[in-house]
Amino acid sequence: MKKAIIKVGVFLFAALLLNSCKRDFLERYPLDQISNVTFWHTENDLMIYNNGLYNMARNSQNVPILLGCDDGFESNWCGSWYLDQYSDNIAPTHSREAFYARTRSGKHAVPSSPQEYGWIGWDFVRSINVGLDHYFTADIPVETINKYAAEARLFRGWFYGDKVSKFGDVPWVGHELNVDSDELFAARTSREQAMDSVLADLTFACENLPADWGDGNAPGRLNRWVALLVKSRICLFEGTWRKYHGGSDVEKWLQEAADAAEDLIDNGPYRVFSTGDPMHDYNSYQRPAYGTDFTGNSEIIYWRKFQTGVLTNHLINYWKGYNGGATKSMVEDYLCTDGKPISISPLYKGDAKYEDVFENRDPRLRQTILYPDDQAYYNYERSLAYSYPRVTGMAGGNVSTTGYSIIKTYESVAAGNAYNISTTPVIVLRLGEGLLNFAEAKAELGTITQADLDKSINKLRDRVAMPHMELGDIPVDPRYTNDGVSPLIVEIRRERRVELFMEGFRYDDLRRWKQGKRLEIKSMGILWDAAAIARYPGATPKSSVDPVSGKTYIDVYKDSDWDNPVFDEGKHYLWPLPLSALSQNPELGQNPGWE
């Protein structure tokens with residue numbers, strides 16, 4: 001009897017064991033597939049997932065934050081170099097750049113689908129939120145998890161900061177959504193509430209990202225110093241927007257901007273690039289020799305890398321032919337070598353002759369705009385067969401719509417390369433911006449000191465041997481006395497325009513300062529008198545009389561669709577939402593003036 005009972009017990013145990021084995025076998029997950037159950041366990045899992053975020057951010061059309069330039073054909077319009085075409089800095093006329101001129105002239109309308117750099121990229125937010133919902137299930141130290149969560153939150157805060165700057169209220173989403181989530185059909189989150197979440201993301205990133213990932217920084221992963229610069233940029237935008245457009249907590253945002261920038265300046269490993277050559281340093285460090293990049297550059301915090309056989313561009317070839325040239329307004333903002341604006345400096349030689357414009361001027365002007373005698377130095381267009389400047393209508397060479405050909409990032413080998421084989425690297429973030437963010441935030445707070453200027457703007461001026469900005473000797477430029485700000489703020493804004501020309505800031509700066517009416521000033525070029533007509537045979541630009549000076553200059557958009565620019569302060573500071581988004585969710589609502 002005992003034996004029978006034992007046999008039955010063994011049989012039942014074996015049956016249960018077999019049944020359990022069958023159940024375990026049936027519950028096994030495919031070894032060739034990844035799921036939320038099999039993933040999210042190791043640091044490598046988190047790193048691999050975040051690598052996908054970098055890949056998504058590489059698409060500057062969809063995620064316009066890590067802007068360098070797009071690869072291949074898209075490098076003809078998409079990237080940080082092109083963004084100044086929205087502003088009064090550059091005057092493009094090529095058809096591929098028409099959307100820039102359209103917006104700059106105030107002739108844009110509500111788009112049917114998302115416009116360039118616009119209401120797009122929301123899949124990026126979803127991918128970030130999926131990661132943030134799962135990182136903390138990993139069986140690794142929380143300090144390690146926080147590094148990757150900080151990386152994702154930097155991406156999210158940066159993305160939303162950009163969206164708020166363009167659209168105001170946005171649909172803030174902080175977790176993974178499903179197809180039936182209520183948030184998909186909800187109204188937009190208020191600007192104030194969304195920006196509080198942005199600030200929380202950026203602060204978390206600054207506190208938890210490593211100063212160095214140990215990956216060589218070429219360009220590597222986003223580190224703490226990147227987060228500090230991005231935080232200073234977004235907080236400065238928000239603080240000045242609220243100051244000039246109206247809003248709460250202005251001082252909080254400006255102080256956050258100043259503190260983040262100062263942390264970067266005082267504690268970061270970056271320094272203003274200088275070899276002691278003020279006539280070339282500003283240009284040379286942004287224009288590496290062909291086949292080299294920004295590795296080891298003391299000022300570059302982050303940059304976009306291209307590599308033969310992996311990722312290539314046609315950037316310089318496109319850029320030199322499409323940008324049109326710098327405007328008269330831009331060129332006239334460079335100071336004279338005595339530190340005074342051209343409107344009051346006795347050193348200014350006028351513009352009767354092209355070369356006179358460059359005499360006794362901030363050396364950055366000649367390192368940004370082609371001076372005729374520098375053609376051989378830059379090997380411009382790899383030929384001395386044509387003299388410069390060359391204006392629309394002239395045969396041969398590279399013509400400019402304004403007469404002011406841009407030389408800031410020109411590299412002759414890439415400029416002559418066959419289609420899409422170039423590896424031109426592009427700066428994404430550099431210390432120079434941080435110095436300017438710091439000075440502006442402190443000035444807007446009313447707490448700036450001479451020591452603050454000496455460790456920020458005057459570092460940039462030292463590179464080009466310009467006189468220091470001194471609090472007790474700020475010049476008053478009569479051209480800006482009606483802007484409603486102090487001469488100090490005027491000069492800090494000028495420094496920003498000059499130093500960061502062609503780096504994508506001017507349009508956003510005008511919007512946050514509530515200076516959109518400056519976009520109603522026509523885009524003009526060089527003086528167009530009898531002497532100019534004789535000097536530039538075959539040139540066929542349109543021209544107009546400048547209402548301020550009474551002299552005649554090239555008028556780039558005269559008689560075109562972009563002539564007589566307008567800026568409606570009731571609507572043009574924000575962009576319109578596309579009809580496609582409103583049809584999917586009417587609760588989003590259209591921005592004021594665009595209804």
* Quick check: anything in the range 247-266 of a type outside the set (A, V, I, L, M), open to solvent by less than 50 Å² (accessible area, probe 1.4 Å), closer than 30 Å to SER190 by Cβ and not in a helix (DSSP H, G or I)? -> yes
* Asked: Quick one: would you say LEU229 is open to solvent by less than 40 Å² (accessible area, probe 1.4 Å) and touching an Asp or Glu at 6+ places or on another chain (Cβ under 7 Å)?
  -> yes
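Check the range 326-343 and report whether any residue there is of a type in the set (Gly, Ala, Ser), in contact with a Ser or Thr (Cβ under 8 Å, 6 or more places away or on another chain) and under 27 Å from ASP212 (Cβ atoms).
No, there is no match, as no residue in the range 326-343 is of a type in the set (Gly, Ala, Ser), in contact with a Ser or Thr (Cβ under 8 Å, 6 or more places away or on another chain) and under 27 Å from ASP212 (Cβ atoms).
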* Regarding GLY216, is this residue open to solvent by 20 Å² or more (accessible area, probe 1.4 Å), modelled with pLDDT of 95 or more, at positive phi and not in a helix (DSSP H, G or I)? -> no
* To do: Considering only the range 537-574, state which residues are charged (D, E, K, R) and open to solvent by 30 Å² or more (accessible area, probe 1.4 Å).
  => LYS542, LYS551, LYS558, ASP559, ASP561, ASP568, GLU569, LYS571
* Between a first residue in the range 437-455 that is without any contact (Cβ under 8 Å) to a residue 40 or more places away in the chain and among the acidic types (Asp, Glu) and a second residue that is crowded, with 16+ Cβ neighbours inside 10 Å and assigned to a helix (DSSP H, G or I), which pairs have beta carbons less than 8 Å apart while being 6 or more apart in sequence or on different chains? -> ASP452/PHE438; ASP452/ALA439; ASP452/LYS442
* Answer yes or no: is there a residue in the range 445-457 that is closer than 28 Å to LEU66 by Cα and of a type outside the set (D, E, K, R). => yes
* Pick from the range 448-468 the residues that are in a loop (DSSP other than H, G, I, E, B) and open to solvent by less than 30 Å² (accessible area, probe 1.4 Å): which of them is nearest to GLY339 (Cα to Cα)? -> MET466
* **Any chance GLU444 is crowded, with 22+ Cβ neighbours inside 10 Å and among the charged types (D, E, K, R)** => yes
* Structure fact -> Exactly one of ALA109, ALA149, ALA138 is at pLDDT 95 or above and in contact with an Asp or Glu (Cβ under 9 Å, 6 or more places away or on another chain), and that one is ALA138
* Residue identified as under 24 Å from GLU251 (Cα atoms) and touching an Asp or Glu at 6+ places or on another chain (Cβ under 6 Å) among ILE448, ILE457 -> ILE457
* Enumeration of residues in the range 109-129 that are among the hydrophobic types (A, V, I, L, M, F, W, C) and closer than 11 Å to VAL173 by Cα -> TRP122, VAL125, ILE128
* Asked: Can you name the residue in the range 152-192 that is at pLDDT 95 or above and hydroxyl-bearing (Ser, Thr, Tyr) and, of all such residues, is most open to solvent (accessible area, probe 1.4 Å)?
  -> SER190
* Asked: For the range 580-589, does any single residue satisfy the condition of being open to solvent by 40 Å² or more (accessible area, probe 1.4 Å), acidic (Asp, Glu) and either out of contact with any Ser or Thr (no Cβ under 8 Å at 6 or more places or on another chain) or not in a helix (DSSP H, G or I) (or both)?
  -> yes
* Structure fact -> Only one of LEU67, LEU46 is buried (at least 21 other Cβ atoms within 10 Å of the Cβ) and at pLDDT 95 or above, namely LEU46
* Asked: Just one of the numbered conditions (1) out of contact with any Gly (no Cβ under 9 Å at 6 or more places or on another chain); (2) in contact (Cβ under 8 Å) with a residue 12 or more places away in the chain; (3) farther than 21 Å from LYS243 by Cβ; (4) not aromatic (Phe, Trp, Tyr) is not true of ASP509; which one?
  -> (3)
* Asked: Going by the structure shown, is LEU471 touching a residue at least 60 places away in the same chain (Cβ under 8 Å) and either of a type outside the set (Val, Ile, Thr) or surrounded by fewer than 19 Cβ atoms within 10 Å (Cβ to Cβ) (or both)?
  -> no
* Asked: Quick one: is TYR348 touching a helix residue (DSSP H, G or I) at 6+ places or on another chain (Cβ under 7 Å) and either farther than 30 Å from VAL230 by Cβ or of a type in the set (Phe, Trp, Tyr) (or both)?
  -> no
* Write out, first by first residue and then by second, each pair whose Cβ atoms fall under 9 Å of each other, whose residues are 6+ apart or on separate chains, and whose first residue, in the range 42-58, is within 14 Å of PHE124 (Cβ to Cβ) while the second is part of a helix (DSSP H, G or I) and open to solvent by 60 Å² or more (accessible area, probe 1.4 Å). => MET56/ASP123
* Structure fact -> From the option list GLY504, GLY525, GLY516, single residue qualifying as on the phi > 0 side of the Ramachandran plot and either touching a residue at least 40 places away in the same chain (Cβ under 8 Å) or surrounded by 19 or more Cβ atoms within 10 Å (Cβ to Cβ) (or both) is GLY504
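Residue-by-condition table, conditions (1) under 18 Å from the mean Cα position of the chain (by Cα); (2) surrounded by fewer than 21 Cβ atoms within 10 Å (Cβ to Cβ); (3) among the polar types (S, T, N, Q):
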site: ASN76; (1), (2), (3): yes, no, yes
site: ALA98; (1), (2), (3): no, yes, no
site: SER112; (1), (2), (3): no, yes, yes
site: ASP123; (1), (2), (3): no, yes, no
site: VAL130; (1), (2), (3): no, yes, no
* Look at LEU311 and say whether it is of a type outside the set (Gly, Ala, Ser) and open to solvent by less than 20 Å² (accessible area, probe 1.4 Å). => no
* Structure fact -> Counting only residues that are touching a residue at least 60 places away in the same chain (Cβ under 8 Å) and more than 23 Å from ALA205 (Cβ to Cβ), the range 109-132 contains a total of 9
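Using the structure shown, decide if LYS231 is within 18 Å of ASP169 (Cα to Cα), assigned to a helix (DSSP H, G or I) and touching a residue at least 24 places away in the same chain (Cβ under 8 Å).
Considered against the rule, which asks whether it is within 18 Å of ASP169 (Cα to Cα), assigned to a helix (DSSP H, G or I) and touching a residue at least 24 places away in the same chain (Cβ under 8 Å), LYS231 comes out as no.
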* Structure fact -> Residues of the range 267-300 being out of contact with any helix residue (DSSP H, G or I) (no Cβ under 6 Å at 6 or more places or on another chain) and open to solvent by less than 50 Å² (accessible area, probe 1.4 Å), in sequence order, are PHE273, ASN283, SER284, TYR285, GLN286, ARG287, PRO288, PHE294, ASN297, SER298, ILE300
* Could you count how many residues in the range 482-519 are assigned to a helix (DSSP H, G or I) and under 24 Å from VAL164 (Cβ atoms)? -> 16
* Checking PHE438 against (1) buried (at least 22 other Cβ atoms within 10 Å of the Cβ); (2) in contact with a Ser or Thr (Cβ under 6 Å, 6 or more places away or on another chain); (3) in a loop (DSSP other than H, G, I, E, B), which single condition isn't satisfied? -> (3)
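The values are calculated or read from the model by the stated rules, or taken from the named source; none is laboratory data. This structure is a prediction, so every number in the text was calculated from the model and none was measured. Here the Cβ is made from the backbone with ideal geometry for all residues, glycine too, and neighbour counts use every protein chain on show. Keep in mind that these areas ignore ligands, DNA and RNA; they rest on the heavy atoms of the full protein, side chains included. Shrake-Rupley method; radii C 1.70, N 1.55, O 1.52, S 1.80 Å.
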